[in-house]
1. Quick check: from the Cα gyration tensor, does the range 54-142 come out rounded (a/c under 1.5), prolate or oblate?
2. Of Asp99, Asp56, Asp74, how do they rank once you tally other Cβ atoms within 10 Å and put the fewest first?
3. Pull out the extension gain between Ile137 and Ala69, defined as 0.36 nm times the separation in residues minus the alpha carbon to alpha carbon distance; nm, one decimal.
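No value in this document is a laboratory result; all are computed from the given coordinates. Remember, it's a predicted structure, so these values are computed and weren't measured experimentally. Because the Cβ atoms are built from the backbone with ideal geometry, glycine has one as well, and the counts that use them run over all protein chains shown.
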Amino acid sequence: MRFPARRAIFRENFHPDAADRYSGTDQPHAGIHPAVEEARLFVDFPEGYGNRMVVDRAFAVAGAGRRVAIEVTDITSAAGFVREGLGVSMLPAFAVRDDTGLILKRVSDAELEWPLGVAVSALRQPSAAARALLALIGESAA
């Protein structure tokens, strides 16, 4: 069995997004343990999603547990749940288009990096349109 070839587009650092009532301090950075203590509940993605695996791994390395109260499948909708005070979420910056009602803090004590990539078939050549798209992606990622 041959697996698809993968091509990295970019890597994005995650931010913990906290609703105002979970702000704790006015520091621009947060740690894994304080985030757990302040938040109590998390908005996250279903198990098996790449972004969930990145966050789960960081919490496991830190020896911190957390309770996921809401699972979402749309990365941009997570900030809306946080904005309504339903928990905190670890999100890449591009997923937070509107930070109204949110407090964004960079995680300072864990490596939370989400890779975004493109997979192409290892069994057949991409179409002309797909090759053109991959070329554009390559240019913009450089």
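1. Because a/c hits 1.5 or more and a/b exceeds b/c, the range 54-142 counts as prolate.
2. Result, fewest neighbours first: Asp74, Asp99, Asp56.
3. 20.9 nm
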